[in-house]
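The values are calculated or read from the model by the stated rules, or taken from the named source; none is laboratory data. Computed from a predicted structure; not experimentally measured. A quick note on method: Cβ atoms are made from the backbone with ideal geometry, for glycine too, and the neighbour counts reach across all protein chains shown.
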């Protein structure tokens, strides 16, 4: 039993944090919804992402990757969430993971790993999982060329983004079939479960980073902003809220770590069960923590110019992607459906 | 629109409170479950109850009553709850109301009104409403001779009390048929609904009194008990809890008043709908307020000798009787069961 | 105990319903003070209400009001909300402050126009440094002969971008502590030195603005009440139209709930058992809130702290309702039409604006429940 | 990152399971310190565990312990809970206080008997006037030559009615402020001047007592550590077995949940969609709590405030679980067997004992999150 990050992983977290902060500094939410940057990164930013190896690291060696563990990917995803990075890293990584599980050609996966070909995953219209057929939506698809529906062997062109509460990610309808991908083979149940568990674990990490960012900013505000002649954070009523947020964040971190570890260490179905639990817990907690942060910020937190709503929106977006707490708890409840 | 108690009603509240406090002073919870008084009042206490007219006042004149409004009965029930009175006043009043709705003979009702004959209502085994058939339980049946199942025209003898969380009320299984009641006629739907609404409104009032008592005691404690060199109630974190309890109590009072008014003023089905809403709201709130009170009391509130658990137990008992919030919200939800 | 309308109230309600049947449709687009066009549409709605006799119901007839009990304001708010009409002009509390405290001269000068809805008014209370702590305001109105000179900054001023007049709470008495140094002034927003900056909310709403005052001159005759009386007037205002406005707000929440219920009943929105149950619980809450607001109106303690109880209850119920409605919407909560998400965001503001949930609880604990101060 | 057992731990776990298979059945009735008979049964269970080598796992071998890492204590608690066995003897924190602070002489005198479970021990910390404010204790142990004279009153002393020994926190230094004046003593409960009074809880449990000390003489050699060091030792104790005991508690909650799930799955208890969903949510909570406690154990900051985070989380989840289980039981929650209602009542005590939920949040806010003190 060794429940902690290695020194290497801590170093990786730091380097991820630096690049994530840099990417975030190039995206602006502006003065209002009319004024916000689209979530597609510019060429320079995207090449920084590719150079950092983020798109490649999880893939198998023959597909141009470094076979990184899900725990390493979790570390990356948490930093992307913490800095509310608008570049579609998770979408790309998840699309590549799915294609690899269907035995997609190495050439295509290598192009994705290098950042040369930009793909997004196709999800069901309610976003709760990978699309089984068409009439679906591409998620985290800013700047993507295609979304692949492996069951059909077709890569679809993408339409204009539909309005999405999360300003840092784009959701786009599938357009015309753009090319066919021959030779895809459905993964076995074990692999399919593991791929879903992997996607869920990344979203849990994104939620964790998001709630930690909201909490940290609320703490900063509480330490410095004075009301009634004392820092807001010295009031017991405010301390109670922030302590609860911290508890929810630490519990979500525990869930996130276990779920990420389980992706590579446990049988696929078990890993998926753990990921569902973690996604349910983190989805509920992230919204509560971000709402609490807005409460602590007070009026200023309700303005477009303050970052608080960006976190809340990202939390709601990541909560919906691959299923919210209600979706997963409904699945879990079917286990009790006896007589 | 005149949403307040009349001067007469306020005077009645005061007299009810005095007698309720007196009755409560004759019941002792002792040093533990082995030591608690049974909830059956002694003869003196029961004759005080009858002399006060509590058992008679709601009945029609021809049955020995004074045709009191449901609002007056609500005033009485709130005081019984406030003082956690162990005498089975509500059980008797509800049993009489039900029998009157079935056209029971005046002679019987007059005996009940005078306190000479002691009846309890027979409820379904899950306590959610009046019993339709046998194998049911008599509720608030301390000292009662019979419980009548009007649909069968049979008065059943009563067995020994079953363990019940609420120490101030007795629940007893129906025993052997003891006598038959001829000539009962089923009430029409309108009357049946109104009778149920009446029973619910009394339980809402009992819950309201109970939560007000728990809150008042917690406030007293918070004003006088010191910790860390200051009264417990001066800490913001404690103030937040007590303020929430006050809000829940006042909202429950609003629900209680409306539901009681509706019993005599609105069509039966509407009155029943209002009573369901009030019962759902007060059931949930009373438990929360009593739990909050225990939290404010701290360790002492967890002992048998402290009164806090008596209120919590009574809240749970009254919550279960005639259906808790889940029962009524399930009924309300059927209104939305479209396609 | 009687929850039914008296005959006069019933007649008023029936008349209002009939009027709405005939006139509401042409005013549904009166969406508030967000752009020049929406201001124009909104003022048209307000003037139509005024012309029909529905503005200033509880104000003295002498100044263009109707001299009716407060209850009528509540009925107005209730009926408009239930009909899905735009809200009535948000001027009742301003009008009451002027009617109850201003000089005869100022009343005659100000009230008739206010009640005819010829111009937009705003209310300058909040400040960036003050938050829930209104007594710590720092905007000054320095007395200087027959005028005051105003310097400072206000924030969260609703409608300020489009207002001709501002009822301003500012510090006139340097040597008085905290709330005893405040006074209330009517300020012409076209005066030199007034500057405004739109605030865009997270929901995209543009209703609010910051207002900057730089040496703005205000005639002494525009003082409402006495110098140093500003705090008292502000508290009077905040308590005054609480009840009636609450009734309107609850009516609006009722429409949100009814829409959700209709969506479920008709099958337009799929809802499983747990969601239906949560919707049922939300409808229980809302019904209780309606009864509570009705009792509050009857039982009101003007200037008291009962308003804090009502606000705590409303906020609790409203925030839960929006969680349920959001979950019912499922993916459409985050995808497509951004309006429901905006409404949800606004529900989060309910526990902040006008004193946070934490402050309201403290007010209840200390002023209603008489717990000792920490 | 690795959540699986090392081979040594796996072997220990397997051995323990095998032992439980053979021995648990004869000890299922070891229900704690509630009556003379239950004390006898419980001590028999403790002695069986000790004889099999499962008591004092993390204590030095020199005094009868086994010198293993703390993790083994957690595995022990986890396995006992999961198997539905009675808890291990609640002496780990007392043994650690003695082993880490007492003189060699006192250690040799006390530890072997403690670890063989020949007698019952209790821990005298709480006082009626102190509640969550441990530093304000008033029980005194006045130094007087080669002894201390103890006067005062303790409350919530678990097992005190049946204890031979008490580890007592008392004030020895009159002139030192608050927690610096406290010391830790081993007190013979059969000394003249010790009086005990049973506390019956609302649930009917008789586990606790009040203990009165009236001129009780304690040899100076029974002082644990230095004079004035009592607070430090107490904090060390409270932090020490937190993690392992948490693991056991979580395991017990897991059994409550599993029983409810089995009841529903088998149809023994009817559960509609909303209840099933709430049960699913409770199982999500509990699974996360298990993972959290495991991480906490690995990542533990001894003497730190992370324990407050764990307690807040556990309490939140436990109280919700008991609401769900109570609602599942329906009428049987209030009717019939009073044990489930007693368990529910005990869940309410979780947010009080050992520092209320409010105090724990304040500790987290001030010590972990570094928010300023009010």
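Does residue A:190 fit the bill of being more than 26 Å from residue A:27 (Cβ to Cβ), in a helix (DSSP H, G or I) and away from chain D (no Cβ under 13 Å)?
Considered against the rule, which asks whether it is more than 26 Å from residue A:27 (Cβ to Cβ), in a helix (DSSP H, G or I) and away from chain D (no Cβ under 13 Å), residue A:190 comes out as yes.
Please go through the range C:311-338 and pick out each residue that is more than 14 Å from chain B (Cβ to nearest Cβ) and within 21 Å of the chain's Cα centre (by Cα).
C:321, C:322
Hey, can you tell me all the residues within the range B:234-243 that are free of Cβ contacts under 8 Å to residues at least 40 places away in the same chain and more than 7 Å from chain C (Cβ to nearest Cβ)?
Answer for the range B:234-243, where residues must be free of Cβ contacts under 8 Å to residues at least 40 places away in the same chain and more than 7 Å from chain C (Cβ to nearest Cβ): just B:237.
When you scan the range D:131-144, do you find a residue that is over 18 Å from residue D:230 (Cα atoms) and either assigned to a helix (DSSP H, G or I) or touching a strand residue (DSSP E or B) at 6+ places or on another chain (Cβ under 7 Å) (or both), even just one?
no
Does residue A:329 fit the bill of being at the interface with another protein chain (Cβ under 7 Å from one of its Cβ atoms) and more than 27 Å from residue B:244 (Cα to Cα)?
Yes; evaluated as a whole, the condition is true for this residue.
Quick check on the range A:288-317: of everything there that is closer than 12 Å to residue A:217 by Cα and not in a helix (DSSP H, G or I), which residue is farthest from the chain's Cα centre (by Cα)?
A:306
Are any residues in the range A:175-193 over 26 Å from the mean Cα position of the chain (by Cα) and over 18 Å from residue A:105 (Cα atoms), and if so, which ones?
Listed by number, the residues that qualify are A:176, A:177.
Take residue D:294 and tell me if it is within 14 Å of chain C (Cβ to nearest Cβ), within 25 Å of the chain's Cα centre (by Cα) and at pLDDT 90 or above.
So residue D:294 does not fit the description; no.
Taking the range C:95-115 on its own, how many of its residues are surrounded by 16 or more Cβ atoms within 10 Å (Cβ to Cβ) and closer than 17 Å to residue C:54 by Cβ?
The number of residues fulfilling the criteria is 5.
Among the residues of the range A:244-265, are any within 12 Å of chain C (Cβ to nearest Cβ), modelled with pLDDT of 95 or more, out of contact with any strand residue (DSSP E or B) (no Cβ under 8 Å at 6 or more places or on another chain) and within 30 Å of residue A:33 (Cα to Cα)?
Looking for residues that are within 12 Å of chain C (Cβ to nearest Cβ), modelled with pLDDT of 95 or more, out of contact with any strand residue (DSSP E or B) (no Cβ under 8 Å at 6 or more places or on another chain) and within 30 Å of residue A:33 (Cα to Cα), one finds none in the range A:244-265, hence no.
Can you tell me which residues in the range D:97-130 are in contact (Cβ under 8 Å) with a residue 12 or more places away in the chain and within 21 Å of residue D:152 (Cβ to Cβ)?
Correct list: D:97, D:121, D:122, D:123, D:124, D:125, D:126, D:127, D:128.
Mind telling me which of the residues D:279, D:257, D:253 ends up being farther than 30 Å from residue D:185 by Cα and at the interface with another protein chain (Cβ under 8 Å from one of its Cβ atoms)?
Of the residues listed, the single one that is farther than 30 Å from residue D:185 by Cα and at the interface with another protein chain (Cβ under 8 Å from one of its Cβ atoms) is D:279.
Please verify whether residue A:245 is over 30 Å from residue A:59 (Cβ atoms) and surrounded by fewer than 22 Cβ atoms within 10 Å (Cβ to Cβ), treating the condition exactly as stated.
no
Just name the residue that is nearest to the other protein chains (Cβ to nearest Cβ) out of those in the range A:301-325 that are free of Cβ contacts under 8 Å to residues at least 12 places away in the same chain and surrounded by fewer than 23 Cβ atoms within 10 Å (Cβ to Cβ).
Ranking the candidates gives A:303 first.
Every residue in the range A:208-223 that is closer than 20 Å to residue A:260 by Cα and either within 13 Å of chain D (Cβ to nearest Cβ) or not in a helix (DSSP H, G or I) (or both), please.
Result: A:208, A:212.
Over 24 Å from residue C:207 (Cα atoms), over 23 Å from the mean Cα position of the chain (by Cα) and modelled with pLDDT of 95 or more, is that true of residue C:178?
The answer is no for residue C:178.
For the list (1) modelled with pLDDT under 95; (2) at the interface with chain A (Cβ under 9 Å from one of its Cβ atoms), I need the number of the one condition that residue D:355 fails.
Every condition holds for residue D:355 apart from (2).
It is to be established whether one or more residues within the range C:77-89 are farther than 25 Å from residue C:295 by Cβ and more than 21 Å from the chain's Cα centre (by Cα).
For the range C:77-89, residues farther than 25 Å from residue C:295 by Cβ and more than 21 Å from the chain's Cα centre (by Cα): absent.
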